[in-house]
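Participant: First the structure, then my questions, so here it is.
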Amino acid sequence: MLPQLEARLVDNPDDLQGWTLLGRTYMNIGEFAKAQTALQRVNELEPSDPEMIIMLAEAGALQNDGDLTGEAQVLIKKALAVDPNYQRAQLLMGLSHQQLGEHEQALEIFLKLRENPNLNEQAIANLTQMVNQSRAALGQPLEGGLQAGLQAGLQPETNDPTSKADSGTTVNESSSNSASQSESAGAAISVNVSLAASMQDQVDPGDSVFVFATASAGPPMPLAVVRLTVDQLPTTVQLDESQAMIPNMTLSAFPSITIGARVSKSGNAIAQPGDWFGEQLNVEGHTERSADAINIVIDQQVP
């Protein structure tokens, strides 16, 4: 259908709906340069649509390793000028400030976002992690409730089924609770995570492992994330809607997602050179529950 749509737009260059459909479609299939061209035309025809402005910013960022500075930040500011309360734009602006090392501004945004009464516990936990990243960069005390806030999905668990988690439940009970939550949480996907045999000598048992889902065509921040340690591998985890960072930025909001797992010696949620990872691109069908799991083998290194 794309060639037909493009041909139609040649004859109808002012067809806003057509350009919007073309831009969205190219984003969904990972053709970010073509998406950017289409979305630029959308922005010319309708310069006051914050969603399309942000999508244009994302199209550029996704061609540049998720860089939200420079032109991307200019577009984010434009979207916020149209709608100062657009949470997707606010979050991207916070991440942009963080990438630039402007942690005072990032901290202000993350703290404001966290005040939203509609956020679930996982969203609050993820925003708290961002807050603490900026606090650490500024040399400020970290929030003492971070670990308790992360227990829903970002706190490393224990392999000992008889031990108690901070919440007072056993790991088996915690897994059962997670399953119950996911049954009502909408989209979910099971992920089998393992470490390649050749990687065994490259990592330590206590190194952090982040298992995550991101939109194949969309903002670079995770839609869902679970934190483990190397000594728990191999294992199976479930990514679901309860782990969304902010409302509407969930697994079901994107038809195609990327599933990955990354070993971080520093424990930093942001990928660092030298980290080991594995991923599977353009995973679909996650919006409907299935017994099939995605297999991720950690066998590549971040340059």
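The values are calculated or read from the model by the stated rules, or taken from the named source; none is laboratory data. Note that this is a predicted model, so its numbers are computed, not measured. Ideal geometry is used to build each Cβ from the backbone, glycine not excepted, and the neighbour counts take in all protein chains shown. All accessible areas refer to the heavy atoms of the entire protein, side chains included, with ligands and DNA or RNA removed. Shrake-Rupley method; radii C 1.70, N 1.55, O 1.52, S 1.80 Å.
Participant: If a residue must be closer than 19 Å to Gln36 by Cβ and open to solvent by less than 60 Å² (accessible area, probe 1.4 Å), how many such residues does segment 1-12 contain?
Facilitator: 3
Participant: Okay, next question. Give the residue that is farthest from Ala187 (Cα to Cα), with candidates limited to residues of segment 282-298 that are of a type in the set (A, V, I, L, M, F, W, C) and at pLDDT 90 or above.
Facilitator: For segment 282-298, the residue satisfying everything is Ile298.
Participant: Ok, one more. Does any residue of segment 108-115 turn out to be assigned to a helix (DSSP H, G or I) and under 18 Å from Asn268 (Cα atoms)?
Facilitator: yes
Participant: Return only the number of the condition from (1) buried (at least 21 other Cβ atoms within 10 Å of the Cβ); (2) farther than 24 Å from Ala253 by Cα that Leu22 does not satisfy.
Facilitator: If we test Leu22 against (1) buried (at least 21 other Cβ atoms within 10 Å of the Cβ); (2) farther than 24 Å from Ala253 by Cα, just (2) comes out false.
Participant: Could you check, for segment 147-159, whether at least one of its residues is at negative phi, at pLDDT 50 or above and assigned to a loop (DSSP other than H, G, I, E, B)?
Facilitator: no
Participant: Can you pull out every residue in segment 100-131 that is among the acidic types (Asp, Glu) and modelled with pLDDT of 85 or more?
Facilitator: Glu102, Glu104, Glu108, Glu115 - these are the residues of segment 100-131 that are among the acidic types (Asp, Glu) and modelled with pLDDT of 85 or more.
Participant: Which pairs have Cβ atoms under 8 Å, sit 6 or more apart or on different chains, and link a residue in segment 76-93 that is in contact (Cβ under 8 Å) with a residue 60 or more places away in the chain to one that is charged (D, E, K, R)?
Facilitator: Arg88/Glu51; Leu92/Glu58
Participant: All but one of (1) surrounded by 18 or more Cβ atoms within 10 Å (Cβ to Cβ); (2) part of a helix (DSSP H, G or I); (3) not polar (S, T, N, Q) hold for Leu119; which doesn't?
Facilitator: The one condition Leu119 does not meet is (2).
Participant: Condition check: touching a residue at least 40 places away in the same chain (Cβ under 8 Å) and farther than 21 Å from Thr214 by Cα. Does Asn132 satisfy that?
Facilitator: When the stated conditions are applied, Asn132 does not pass them.
Participant: Looking at (1) among the polar types (S, T, N, Q); (2) at pLDDT 70 or above; (3) open to solvent by 30 Å² or more (accessible area, probe 1.4 Å); (4) assigned to a helix (DSSP H, G or I), can you tell me which one Ser134 breaks?
Facilitator: So Ser134 meets the others, but not (3).
Participant: Leu92 is checked against (1) assigned to a loop (DSSP other than H, G, I, E, B); (2) crowded, with 21+ Cβ neighbours inside 10 Å and fails just one. What number does that condition carry?
Facilitator: Of (1) assigned to a loop (DSSP other than H, G, I, E, B); (2) crowded, with 21+ Cβ neighbours inside 10 Å, only one is false for Leu92: (1).
Participant: On to the next question. In segment 52-76, how many are over 16 Å from Gly94 (Cα atoms) and not in a loop (DSSP other than H, G, I, E, B)?
Facilitator: Residues in segment 52-76 being over 16 Å from Gly94 (Cα atoms) and not in a loop (DSSP other than H, G, I, E, B): 6 in total.
Participant: Separate question: Could you count how many residues in segment 10-39 are of a type in the set (A, V, I, L, M) and not in a helix (DSSP H, G or I)?
Facilitator: The number of residues fulfilling the criteria is 1.
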